[in-house]
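Undergrad: Supplied in C-alpha cells, the structure appears directly below.
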Amino acid sequence: MSRIEQTFKTLAAQGRKALIPYVTAGDPYPETTVELLLALADAGADVIELGVPFSDPMADGPVIQKASERALAKGIGMAQVLDYVRRFRERNQTTPLVLMGYANPVERYDQRHGEDAFVNAAQAAGVDGVLVVDYPPEECEVFAAHLKSRGLDPIFLLAPTSTEQRMKDIGRIASGYVYYVSLKGVTGAGHLDTEAVARMVPRIKAHVSVPVGVGFGIRDAATARAVGASADAVVIGSRLVQLLEDQPAANVAATGARFIAEIRAALDTLNEGVNA
C-alpha cells in the first residue's frame, strides 16, 4: 500500500478530509523549500504537491507562472527538486509528496540520464506520486505502469468538460487520487461554484475508485470547507504561493504553516460529532 493510499484510508476511518497544499520547488527561495514542506506537514497537510518549475506551465495562472519563473531564474530544475524530496524524507517519512509538473522536464531528465531514469530517481528520493499535467491517460499507460512498478501513484486531472469516457479511462489507470480541476481556466482564476463541484464529484466517483481531490479557485477556509463537504480532498495552491511570494526568507515556513493550519481547522469542523 502506497503512502498516499494509507493516508486516505486513515483519514476516511477518522471521517476527515485530506488537505493538499501546493508549492513550487525553489520558490520564493531555494533555501526555504525543505523547511516549508516540513512546516506544512506539521501544520496539518496530509499530502503535499511539489511543483516542478517549467517555463511554459499551460494550466497555471499568473501566480504560479511567476513562481516557476523565479525558481528557474535561481537554477531550480529536476535534480534540485529531487534533492528537496530526499532532504524532506530525512526528517519526515510519513507525509506523501507528489511531484506536479509537465512532460518536458520529465522527458528531459530521461534524455540526460537514461530510460526510466526519472521514475527510478523519484522512487529513490522518496516521491509518492506524480502528476504530469500534459500526459493524458491514453498517451501514458506505459509511464503509469512504470510508476506503479516502483510503488508510485500516477495521478491525473479531470475537468468540468471531461466526458464519461475520459473518467472511465482515468479510473482504469489512476491510483492515489484524482485531481478535479473545478474551473474552466487556469490555477487561481475565476469564481468557484461549490454547488457545481458537489454535483460533479458523484459523477466522477461512478467511474473512479480512488479518492477525488478538488482544486483551482480555493482561496480561503470557507471555500475549502464548502468543497470538503463533497470531495475527499481539498487542493490549495495559488493562494498559498501568493502569500509566500513577498515574505522574507525567515518568515516563509511560519507563514505557510499558519495558513494551512487555518484551512485544516476549517476542514476538521466537517467531522465534528462524527467520532464523539
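Undergrad: Say we join alpha carbon atoms closer than 10 Å with springs in a Gaussian network model of the chain; which of R70, R16, R108 then has the biggest fluctuation?
TA: With Cα springs under 10 Å in the chain, the top fluctuation among R70, R16, R108 is at R108.
Undergrad: Now, a different point. Would you pull out the residues with amide H under 5 Å of T24's amide H, same chain only if 5 or more places away, H placed 1.01 Å from N?
TA: Hits under the 5 Å cutoff: G51.
Undergrad: HN-Hα J couplings of segment 251-264 from phi, Karplus 6.51/-1.76/1.60, θ = phi - 60°, integer Hz, Gly and Pro as x?
TA: Karplus-based 3J(HN,Hα) across segment 251-264 equals 9, 4, 4, 5, 5, x, 5, 4, 5, 5, 4, 5, 5, 4 Hz.
Undergrad: Can you give the Kirkwood hydrodynamic radius for the chain, in Å, rounded to one decimal and based on Cα pairs?
TA: Numbers: mean 1/r = 0.0542 Å⁻¹.
18.4 Å is the Kirkwood radius here.
Undergrad: Let me ask something else. Among V132, P202, F118, pick out the residue whose Cα is farthest towards the positive end of the charge dipole of the chain, where Lys and Arg carry +1 and Asp and Glu carry -1 on C-beta, about the Cα centre.
TA: P202
Undergrad: If r is the Cβ-Cβ distance from A250 to D42 and R0 is 25 Å, what FRET efficiency results, to the nearest 0.05? If you can, show how the numbers build up before the last one.
TA: Numbers: r = 17 Å, r/R0 = 0.68.
Working from the Cβ atoms, E equals 0.90.
Undergrad: While we're looking at this one, here's another question. Of all the stretches in the chain, which is the longest one without any exposed loop site, taking GluC sites (Glu not before Pro) in a DSSP loop (any state but H, G, I, E, B) with at most 13 other Cβ atoms within 10 Å? List each step's numbers first, then the result.
TA: Details: sites that count: E115, E272.
The reported range is 116-271.
Undergrad: While we're looking at this one, here's another question. Under a straight-distance cross-link criterion of Cα-Cα below 14 Å, which aspartates and glutamates are reachable from K148, leaving out those fewer than 8 residues away in the same chain?
TA: Cα-Cα hits under 14 Å: E5, D116, D128.
Undergrad: Using only the Cα atoms of segment 11-92, build the gyration tensor, take square roots of its eigenvalues as a ≥ b ≥ c, and label the shape rounded, prolate or oblate: rounded if a/c is under 1.5, else prolate if a/b is larger than b/c, else oblate.
TA: Values: a/c = 2.50, a/b = 1.50, b/c = 1.67.
Because a/c hits 1.5 or more and a/b fails to exceed b/c, segment 11-92 counts as oblate.
Undergrad: Taking the number of other C-beta atoms within 10 Å as the exposure measure, put M58, M167 in order starting with the fewest. Could you put the intermediate results ahead of the total?
TA: Details: M58 10, M167 20.
Taking fewest neighbouring Cβ atoms as first place, the list is M58, M167.
Undergrad: Okay, moving on. Looking at the P(r) of segment 44-131, how many percent of alpha-carbon pairs lie beyond 18 Å?
TA: Details: 1679 of 3828 pairs.
Of all Cα-Cα pairs in segment 44-131, 44 percent lie more than 18 Å apart.
Undergrad: Compute the semi-axes of the equivalent ellipsoid of segment 60-110, taking the square root of 5 times each eigenvalue of the Cα gyration tensor, and list them largest first in whole Å. Present the calculation step by step, with values, prior to reporting the outcome.
TA: Values: eigenvalues 89, 39, 28 Å².
In descending order the semi-axes read 21, 14, 12 Å.
Undergrad: Same structure, new question: On the first, second and third principal axes, largest extent first, how far apart are the outermost C-alpha atoms of segment 124-256 in Å?
TA: Here the spans come out as 43, 40, 22 Å, largest first.
Undergrad: Near G26, within a Cβ-to-Cβ distance under 14 Å, what is the net charge of the other residues, with Lys and Arg +1 and Asp and Glu -1?
TA: Numbers: positive: K66, R70, K74, R87; negative: D27, E31, E35, E69, D83, E245.
Once all neighbours under 14 Å are counted, the net charge is -2.
Undergrad: Follow-up question, since we're still on this one. Spin-label point model (7 Å from Cα, Cβ direction): what's the E107 to K74 distance in nm?
TA: Distance between label points: 2.9 nm.
Here, each number is a calculation from the coordinates, and none is a lab measurement. Keep in mind the model is a prediction, meaning the values are calculated, not measured. Neighbour counts run over all protein chains shown; Cβ positions are idealised from the backbone, glycine included.
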